[in-house]
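Remarks on the structure that follows.
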Amino acid sequence: MTSRGTIILIVGPSGSGKDSILAGAEAALETQGDFFFPRRDITRPQSPGHEPYRSLSEEAFFLRRAEGAYSLSWSAHGLYYGVPREIEQQLADGRHVVVNVSRNAIPEIRERLRPVRVVSIEVPRDILHERLKGRNRESDSEIEGRLSRATAFQVEGPDVISLRNDSSLESAIEKFVILLRNISRAADNAPVR
């Protein structure tokens with residue numbers, strides 16, 4: 001009997017490198033069949049430098065949500081996000097689902113989609129400031145607001161694993177891939193329930 005897959009949530013402040021780390025891990029693990037990286041629906045126009053996602057209008061998003069297309073959905077910073085319902089079958093089939101979520105969605109996920117592991121990406125404030133400034137997306141005041149939120153960004157619980165992203169992207173991806181493989185091995189050795 002195949003044991004249920006683990007949903008692995010990646011969280012962290014804007015500029016922490018979540019999208020890049022996820023993309024690198026997906027590429028590194030693409031030949032292994034035990035991980036699934038779903039594409040989210042987001043009410044944001046397509047633009048370079050973001051994760052691959054499906055861009056929807058708010059009207060289309062709300063319609064899809066009403067039709068039950070999402071296993072998870074939330075709003076953050078004026079945008080709406082949806083994770084497709086197919087993740088539930090992937091988990092039931094024993095695959096580990098790896099997805100970027102808002103920390104505000106974690107309590108619901110912990111309640112509904114166990115087992116859960118949360119990978120919290122941590123970046124020192126000075127490095128985060130340089131990354132946000134280098135993106136040229138926000139004004140200085142918007143960057144300061146993001147840095148203040150990042151300072152307050154704390155996720156706690158026995159299912160939380162911290163990943164420090166304070167050097168090269170390659171190093172962060174390598175650490176994340178090792179972490180994912182360790183989660184998979186632990187799940188394989190867990191008793192079937």
Scope region 136-180; condition within 14 Å of G15 (Cβ to Cβ) and under 20 Å from the mean Cα position of the chain (by Cα); matching residues: R146, L147, R149, A150, T151, F153, N165, D166, L169, A172
Looking at S102, S120 in this structure, which one is within 27 Å of E59 (Cβ to Cβ) and either surrounded by 19 or more Cβ atoms within 10 Å (Cβ to Cβ) or not basic (K, R) (or both)? S102
In the list E170, E111, which residue meets the criterion of being loosely packed, with under 13 Cβ neighbours inside 10 Å, closer than 30 Å to T6 by Cα and in contact with a helix residue (DSSP H, G or I) (Cβ under 8 Å, 6 or more places away or on another chain)? E170
Which residues, counting only those in region 150-190, are at pLDDT 90 or above, of a type in the set (K, R) and not in a strand (DSSP E or B)? K175, R181
Are any of the residues in region 137-152 under 30 Å from T6 (Cα atoms), exposed (fewer than 12 other Cβ atoms within 10 Å of the Cβ) and hydroxyl-bearing (S, T, Y)? yes
In region 25-49, residue farthest from S71 (Cα to Cα) [restricted to those that are within 13 Å of the chain's Cα centre (by Cα) and of a type outside the set (D, E, K, R)]: A25
Only one of (1) part of a helix (DSSP H, G or I); (2) over 11 Å from the mean Cα position of the chain (by Cα); (3) within 26 Å of A186 (Cβ to Cβ) does not apply to L22, and that is (2)
Candidate set: region 123-136, residues that are in contact (Cβ under 8 Å) with a residue 60 or more places away in the chain and surrounded by 13 or more Cβ atoms within 10 Å (Cβ to Cβ); chosen: the one nearest to P158 (Cα to Cα): V123
Restricting region 42-65 to residues that are out of contact with any helix residue (DSSP H, G or I) (no Cβ under 6 Å at 6 or more places or on another chain) and of a type in the set (D, E, K, R), the one surrounded by the fewest Cβ atoms within 10 Å (Cβ to Cβ) turns out to be E59
Among the listed residues A60, A69, which satisfies the condition of being within 26 Å of R114 (Cα to Cα) and among the hydrophobic types (A, V, I, L, M, F, W, C)? A69
Identify the single condition in (1) crowded, with 18+ Cβ neighbours inside 10 Å; (2) at pLDDT below 95 that A76 does not satisfy, given that it satisfies every other one. (1)
Looking at G68, G94, can you tell me which residue is in a loop (DSSP other than H, G, I, E, B) and exposed (fewer than 14 other Cβ atoms within 10 Å of the Cβ)? G68
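The values are calculated or read from the model by the stated rules, or taken from the named source; none is laboratory data. What you see is a predicted model, and the numbers here were worked out from it, not measured in a lab. Methodologically, a virtual Cβ is constructed for each residue, glycine included, from the backbone with ideal geometry; neighbour enumeration extends over all protein chains shown.
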